[in-house]
Amino acid sequence: MPVRPQLTLLSEEEIQRIHDESLILLEEVGMKIQSQTALELLATAGAKVDFEREHAYFPKSLVEETIHHAPSSIILYSRNGEPALHLEENNIYFNPGSAATHLLDRHTGERRQPKVADVIEFAKVVDSLPHIQAQSTALIPADVPASLSDRYRLYQILCHSTKPIVTGTFALDAFEDMQGLLEAIRGSPKKLREKPLAIFDTCPSAPLQWSELTVHDLLLGAKAGIPIELISMPQLGATGPITLAGSLVLHNAESLSGVVLTQLAAKGAPVIYGGSPTAVDMQYGTARLGAIESIMLTCAYTQMAKHYKLPTHGYLGLSDAKLGGDSQTGYEAATGLLLAAMAGMNNVAGAGMLCFESTQSYEKLVIDDIIVGMVQRFILGLSITEETLALQELREVGSKGGDFLRLRHTLNWFRKEHYLPGELVDRQPYENWLSSGALTSGARARTSVETIISTHEAIPLSKSQQQDSDAVVKRFMKRYNCSNLPNFSP
Amino acid sequence: MTTDIVSSIRDELINCQTDVVLDLVRKGISEGITASTIVNKGLTAGIRVLGDRFEQGEAFLPELAVAAEIMKQSLEFLEPHLAKSVDEEALGTIVIGTVQGDIHDIGKSIVATMLTVAGFTVHDLGTDVSPEVFVSKAKEVNAQIIAMSALLTTTMERMQETVDLIAHENLKDQVKVMVGGAPVSQQFADKIGADGYGVDFNQAVAIAKRLTGHTKE
């Protein structure tokens, strides 16, 4: 078996130290939790709870016992019911970063708010990409009432792609509507529980707080068997300590509190230890996803999560540059994606995303797909077997002369050993590149996107799936006195 | 000597030496230096230098944040010694806070720091501030601007209530409103009748200067 390249940032002693300090923080400083239900669950389980201040102190023993109930493996199934993502051990999967408020228009280059039509088109491209295994509700459509944007974008992605989806809510009543959409696809709550189709992200507010909305979703997801993805996100020097170790303790403490809550709500509930911690630029106050410290901290908490044998997630492969084909975009994204793979991160979010998690770019999306291809090849390692050692071939060519190109061995192995990236990666000799238009990465990416959009066909929903999900949409439209929505024609 | 103490206050503030500055401020008062000299020639002078260095990329947010904190603590100590009248050299008085129901305050605190550094007198009310508290504080300190921040889509509606309360109390001519925060937009600011909106703290100073008639050409 080839050695899997692995990233180690923390020694065993350091893992233990971070664990111990997190537990001390949870026990002595505790968390503010804006949910009476959650506080009651904690109190019943033996936590010290101040209901008036909405504050809970977690006994060490409660944390250590409870986190072991969480499963080490979560399987996400595609829309047609096939197992798709095996979130366990060192399996790695990629999806576009979720909830961008802006899109880089691929025709004009303008950074603008997305429409439902963009949500659909973007989902189409993601659906076609070979190295992106899941969708996310990547764009927030601005041409629908704000109160319906979270749930309506999910509907459109379900209609236009078969890949599992990473999503989240913006309002207290959204989870149930979105759960309704997922159940409409599967056919029943039981079938959805058996074959999860979507993951819901919930983010604590650093330092050490769970807001009403996020705990609400966490509890509902846990009870319904819908995977909850905990996304702790300290901003170093702002909402978390400036030092990586300090924010790692904070991140770990917040994440453990989330695991505890899911398990108290429903023992064995599927929960993913994720995150999006960032270094803060001390000149502009911007939260840098592309900073090396953000990447390091993400890889470090992933190591903690693996220590707890939990499925993992992180935001890696992002850039804070403003253009899809830009050099900074390339180096920040590639660094993140490669390290995510080496860290064995199960669910890697961020493909396509730019500018401090605010913007999606088609160019970056297809380029990131290529980078993931490289990364997936890297992770396979070096295969050393009788055949790959090529001793026979070496003797033959070595003694008789000639080349390796015409050998059967080369033909047999070239596709297996080498990642063939396609036109997006420039491999031409200089003169060819010049005479074929001297194209930049960005220009090649745009051509690639156009091709995908004009040729890729999404598989539609079945008649009953379409009817049932349309009915869910009509119900929430009615509740909000909304008479029509873009691209909705039931 | 007077000059030594005051210039030391300025220099030590630039160096972010909290305890040293507070000691010097106390010493200055006990030696009869006027509070307004300490503020103008010591504290504010130091903050301005830091502000310039920040613009040049030589000083950063942590230095500004510590300096603003030194300023705040010094002003608290000096309050009984300062005349009730507004500091003449200040560009204006601003009341700032995060709206009711919202606990996010990093962006707001950085804005407060930037405004202080730029030369405004800033009263930071913290988080979870009701419209009534914004308005009563603005009246108490004769503020020209109320600055509000929100990070949740659910709490930004409170900004409308504050704008309405200002109109209700016939303060619309004296008090301008500027707003910010991740879910807030120019569109929202226009809809609620705010006078200024900035996407992040980098615009705050320019907006405040415009609203108080200090815009540079």
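Here, each number is a calculation from the coordinates, and none is a lab measurement. This one's a predicted model, so the numbers in the text were calculated from it and none came from an experiment. All Cβ positions, even for glycine, are placed from backbone atoms using ideal geometry, and neighbour counts span all protein chains on display.
Annotations
- Model label sites at residue A:191 and residue A:413, defined 7 Å from Cα along the beta-carbon direction, differ in position by 4.8 nm.
- Helix-only mean residue ellipticity at 222 nm for chain A, each DSSP H run of n ≥ 4 adding -39500 (n - 2.57), per residue, nearest 500: -14500 deg cm²/dmol
- Gyration tensor verdict on segment A:46-107 (Cα atoms; rounded if a/c is under 1.5, prolate if a/b is larger than b/c, oblate otherwise): oblate
- Aspartates and glutamates with Cα under 17 Å of residue A:416, excluding same-chain neighbours fewer than 8 positions away: A:386, A:387
- Rounded Å value of the spacing that divides the Cα centres of segment A:96-135 and segment A:393-458: 27 Å
- Angle between chain B longest axis and helix B:45-55 axis [Cα atoms, degrees, rounded to 10]: 60 degrees
- Axial C-alpha extent at least 20 Å, average Kyte-Doolittle at least 0.0 - helices from chain A (DSSP): A:244-265, A:292-307, A:327-342, A:362-380
- Prolate/oblate/rounded label for segment B:93-211 (Cα gyration tensor, a/c 1.5): rounded
- Distance from segment A:7-80 to segment B:186-205 (C-alpha centre basis), Å: 39 Å
- Our helix-only sum for chain B, with -39,500 (n - 2.57) per DSSP H run of n ≥ 4 divided by its residues, gives a mean residue ellipticity at 222 nm of -15000 deg cm²/dmol.
- Mean Cβ neighbour count within 10 Å, used as a protection proxy, ranking B:113-119, B:164-170 highest first: B:113-119, B:164-170
- Where only alpha carbons of chain A are counted, the Rg and the Dmax (Å): 23.6, 86
- Peptide B:196-205 shows a mean partner chain C-beta count of 1 within 10 Å per residue C-beta.
- Selection from A:210, A:296, A:104, by position along the positive dipole direction of chain A (Cβ): A:104
- Relative to the dominant Cα principal axis of chain B, helix B:18-30 is inclined by about 70°.
- Tensor-based shape of segment A:1-87 (alpha-carbon gyration tensor, a/c under 1.5 rounded, otherwise prolate or oblate): oblate
- Lys, Arg +1 and Asp, Glu -1 on Cβ, resulting dipole of segment B:2-85 about Cα centre, debye, nearest 20: 300 debye
- Computed over segment B:2-85, the quotient of the alpha carbon radius of gyration and 2.2 N^0.38 Å is 1.03.
- Folded to 0 to 90 degrees: helix B:157-168 orientation relative to chain B principal axis, Cα: 80 degrees
- Taking the DSSP bridge list for chain A and keeping only pairs wholly inside it, about 35 percent are antiparallel.
- Peptide A:277-289 shows a mean partner chain C-beta count of 3 within 10 Å per residue C-beta.
- Highest-first arrangement of A:38-49, A:379-390, where packing means the average Cβ count within 10 Å: A:38-49, A:379-390
- Here is the list for segment A:109-185: GluC sites (Glu not before Pro) lying in DSSP coil, each with at most 11 other C-beta atoms within 10 angstrom of its C-beta, are A:110.
- When only alpha carbons of segment B:26-145 are considered, Rg and Dmax amount to 14.8, 46 Å.
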